[in-house]
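Worksheet: one structure, shown below.
Throughout, read-outs are computed from the coordinates displayed, never taken from laboratory work. Computed from a predicted structure; not experimentally measured. All Cβ positions, even for glycine, are placed from backbone atoms using ideal geometry, and neighbour counts span all protein chains on display.
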Amino acid sequence: MNLILDIQRSIENNYTNNAFCINHVHYTYKEFAQVITNIRSSIQNASNQDEKIVGLITNDDIYTYGSIIALWLEGKAYVPIHPDFPEERNTTVIAQAGITTILDSSVEKIIHNVEVISTSNLSDVSIDLTPVTISDDDLAYIFFTSGTTGTPKGVPITYGNLSGFIDAFDKLNYNISSTDRCLQMFELTFDLSVISYLAPILNGASIYTIPKEEIKYSYIFELMEDYELTFALMVPSILHYLRPYFDEIDCPKMRLSLFCGEALPLDVTEEWAKCVPNAAITNVYGPTECTIFCTEYTYNREGINKTHNGVLAIGKDMQNTTTIIVDDENKLVPKGEQGELCLSGAQLTSGYWKNEEKNKASFFNLDIEGKNIRFYRTGDLCTVDEDGDILYLGRVDFQAKIQGFRVELSEIEFHAKAALDKINVVALAFVNNIHNTEIGLVLETKTFDTKEMLEVLKTKLPHYMIPTQIKFVDTFPLNTNGKIDRKKLKELFE
Amino acid sequence: MEASEIKEKLKEVLVSVLNHDRFELYDELTAKDVDGWDSLSHMMIITKIEEGLNIKFKLRDLNKLKNLGSLVAVIQAKI
């Protein structure tokens, strides 16, 4: 397994570089190697040595990151367990993944009834980063994402999947080097964290994390400015929070500014581009099921950008991914028409963890040019233009049927935003007490008279797309992945 | 403005956002000590303070707000 050998080589070649900056404390790669080896030694001495899947309590410290690499050197997989998540959810995940051992750096143990290996305060052993023999099919991690039915779904990712991703990431030519300073803003339960620590580690660059008690967006700004960060992958929600303060932000050292996880609006991107005047800004896309991300679009500072309803395109397939767009019956749609985006390739998971029913619904096989290929249905509504750039139109399930008409909620959001001045909006379909579907609009602002906005909307949209109920909230709630929590907003109407 | 006067205003803001007054205002008080004061309500509290006292926090100010005492100090420097 070259990937793990590459990790070993990079750490060993960059001993004097800073690997991490956590809460303003720097750790060199040599110190990191020591932490990794100490934890590795504890794993080797644990009672359940044959255990391939190990739980990891996700704290923001060097031991938690060291645990990930230690597990990988041993050819094992980690399952991130968030100490602040409800105990019941964590218990479900532990049971589903069959976890009997957990690595934890906390002072007070969070999970009981399993063997807990404490990863902080270990004695130093002689550094050894040589990995065991690992096959492509061995698991590197399982991330549990929220399932629509309320039970978390496990997405297992193999070392082969992860290698496929890293290989394709390298081909994007971001050229991360040992002088880069990279942001890692994600909870370790979200797979965007993986590239945020792995790309720097593979290149001897340093990683800047966010302490849990800090306010994310303002802390990110300080890291960017005080440490002159050069690489940052963020969710677009951060931009919405920072937008009122854009005139205070000037980060000329930022080289690469990536966005993923949510629709990236063009207008905010244009304003952001002035805050990071020398950065290449890219919009990357992909679900956890296809290993972190798998398509890429580069924002054009000088000319025209491809958008749909004000949202930037998600661009072209990365090296190891093939995308297609299909209709309800899994048939390819003609070029230029819309349908559900489906993914295949080296990055694609083998399927949800022990969930045959869900796998049948989400994966299918299709003959493409004489080859039988397995695809994953993303639930994302897309279209491809003549250049091969994919445009994101919205979620298939954000499509609502109102009075028999097909309604794309992102379209309503686009026109509502255009009618308002820099106010964020979310359009939702909800079922009212007479079981009809209505459209609700939530505005992230103080209460005001919306008559004027509705008048504008009526000039842009057919009557059945005009929101029938409007709510105001001071701040959109976010889920633990930092995305707008649409489910919570929907509760306002139910 | 006197610290005591600012604290009085802060109390009004907290009560209006959190819908309770189960807290004492002392300098070492942190968000963790107050029911419902999480990252989301924090943003609402900040906005309400800005409106109520007619001030505007800088991004950098937001990271300095470690406890009630530092909040009062940051506000005092702005009035």
**OP:** Just list whichever of B:LYS48/B:LYS78; B:LYS11/B:LYS48; A:LYS306/A:LYS458; A:LYS401/A:LYS490 have alpha carbons separated by over 19 Å in the model shown.
**Re:** A:LYS306/A:LYS458
**OP:** Report, ordered by chain and residue number, the aspartates and glutamates lying within cross-link reach of A:LYS109, taken as a straight Cα distance under 13 Å and ignoring same-chain residues fewer than 8 apart.
**Re:** A:ASP84, A:GLU87
**OP:** Note down the net charge around A:THR101, summing +1 for each Lys or Arg and -1 for each Asp or Glu among other residues with Cβ under 15 Å from its Cβ.
**Re:** -1
Subject >> Equivalent ellipsoid, the range A:1-139 (semi-axes from 5 times Cα gyration tensor eigenvalues, Å) >> reply: 24, 18, 13
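Fewest Cβ neighbours within 10 Å first, please rank A:HIS240, A:HIS308 accordingly.
A:HIS240, A:HIS308
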Subject >> Potential extension, A:VAL125-A:GLN44 segment - 0.36 nm per residue separation minus Cα distance >> reply: 27.9 nm
Subject >> Amide H within-cut-off set for A:LEU233, under 5 Å, with H built and near neighbours excluded >> reply: A:LEU183, A:LEU258
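Using mean Cβ contacts within 10 Å as the protection proxy, how do A:107-113, A:357-363 order, highest first? Write out the running numbers ahead of the final one.
On the way: A:107-113: 11.1, A:357-363: 14.6.
Ranked from most to least packed, the peptides come out as A:357-363, A:107-113.
For a quick check: sort A:HIS82, A:HIS463 by the number of other beta carbons within 10 angstrom, fewest at the front. Kindly include the intermediate steps, with their values, before the conclusion.
Details: A:HIS82 19, A:HIS463 10.
The most exposed by this proxy come first: A:HIS463, A:HIS82.
Please work out how much length the chain gains when fully extended from A:ASP327 to A:ASN278, using 0.36 nm per residue of separation minus the C-alpha to C-alpha distance, in nm with one decimal.
Details: separation 49, 0.36 × 49 = 17.64 nm, distance 4.09 nm.
Working it through step by step, the gained length comes to 13.5 nm.
If I take R0 = 35 Å and measure r between the Cβ atoms of A:ASN2 and A:THR298 in this structure, what FRET efficiency does the formula 1/(1 + (r/R0)^6) give, to the nearest 0.05?
Working: r = 28 Å, r/R0 = 0.79.
Using R0 = 35 Å, I get an efficiency of 0.80.
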**OP:** Return A:ARG243, B:ARG22 ranked ascending by Cβ neighbour count within 10 Å, so the fewest neighbours appear first.
**Re:** B:ARG22, A:ARG243
Subject >> Label-point gap, in nm, between B:ASP21 and A:ASN113 - each point 7 angstrom along Cα→Cβ >> reply: 4.4
Original post:
Using the alpha-carbon atoms, what tilt in degrees (0 to 90, nearest 10) does helix A:2-13 show relative to the longest principal axis of chain A?
Top reply: 70
Original post:
Can you list the HN-Hα couplings for the range A:466-483, worked out from phi with the Karplus curve (6.51, -1.76, 1.60; θ = phi - 60°), rounded to whole Hz and with x for Gly and Pro?
Top reply: 7, x, 9, 9, 10, 10, 10, 10, 5, 9, 5, x, 10, 7, 5, 8, x, 9
Original post:
So who's got an amide H within less than 5 Å of the one on A:ALA280, skipping anything under 5 residues away but keeping other chains? H placed 1.01 Å off N, in plane.
Top reply: A:LEU256, A:SER257
Subject >> Tensor-based shape of the protein assembly as shown (alpha-carbon gyration tensor, a/c under 1.5 rounded, otherwise prolate or oblate) >> reply: oblate
**OP:** Would you please classify the overall shape of the range A:385-494 from the alpha carbon gyration tensor, given that a ≥ b ≥ c denote the square roots of the eigenvalues, rounded means a/c under 1.5, and beyond that prolate means a/b larger than b/c while oblate covers the rest?
**Re:** rounded
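What FRET efficiency comes out for the pair A:LYS458/A:GLU222, r = Cβ-Cβ distance, R0 = 60 Å, nearest 0.05? Numbers along the way, then the final one.
Details: r = 44 Å, r/R0 = 0.74.
Efficiency computed from Cβ-Cβ geometry: 0.85.
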Subject >> Angle in degrees between helix A:192-203 and the longest Cα principal axis of chain A, rounded to the nearest 10 >> reply: 50
Original post:
Once phi is turned into ³J(HN,Hα) by the Karplus curve 6.51 cos²θ - 1.76 cosθ + 1.60 with θ = phi - 60°, what whole-Hz value does each residue of the range A:26-43 show in order, with x for glycine and proline?
Top reply: 8, 10, 6, 5, 5, 5, 4, 4, 5, 4, 4, 5, 4, 5, 4, 5, 5, 5
Original post:
Out of residues 5 or more away from A:ILE117 or on other chains, whose amide H comes under 5 Å of its own, with H placed 1.01 Å from N in the peptide plane?
Top reply: A:ILE102, A:LEU103, A:ASP104
Subject >> Angle between chain A longest axis and helix A:216-226 axis [Cα atoms, degrees, rounded to 10] >> reply: 60
Original post:
What whole number of Å gives the distance from the Cα centroid of the range B:1-67 to the Cα centroid of the range A:224-270?
Top reply: 27
Original post:
Using the Karplus equation 6.51 cos²θ - 1.76 cosθ + 1.60 (θ = phi - 60°), what ³J(HN,Hα) coupling, rounded to whole Hz, does each residue of the range A:163-177 give in order, writing x for Gly and Pro?
Top reply: 4, x, 5, 4, 4, 5, 4, 4, 6, 6, 6, 6, 6, 5, 10
Original post:
Too long at a 21 Å Cα-Cα cut-off: which of A:LYS446/A:LYS471; A:LYS354/A:LYS483; A:LYS153/A:LYS371; A:LYS417/A:LYS446; A:LYS446/B:LYS66?
Top reply: A:LYS354/A:LYS483; A:LYS153/A:LYS371; A:LYS446/B:LYS66
Original post:
Between the range A:332-411 and the range A:1-53, what is the C-alpha centre distance in whole Å?
Top reply: 38
Subject >> With 10 Å bins from 0: P(r) over the range A:233-313, alpha-carbon pairs, percent >> reply: 18, 54, 25, 3
Original post:
So, in nm, how far is label B:SER70 from label A:THR133 when the simple model puts each one 7 Å beyond its Cα toward the Cβ?
Top reply: 5.4
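Can you give the net charge of the other residues whose Cβ lies under 12 Å from the Cβ of A:VAL384, counting K and R as +1 and D and E as -1? Can you show the working numbers first?
Numbers: positive: A:LYS306, A:LYS316, A:LYS335; negative: A:ASP317, A:GLU337, A:ASP385, A:GLU386, A:ASP387, A:ASP389.
Result for the neighbourhood of A:VAL384: -3.
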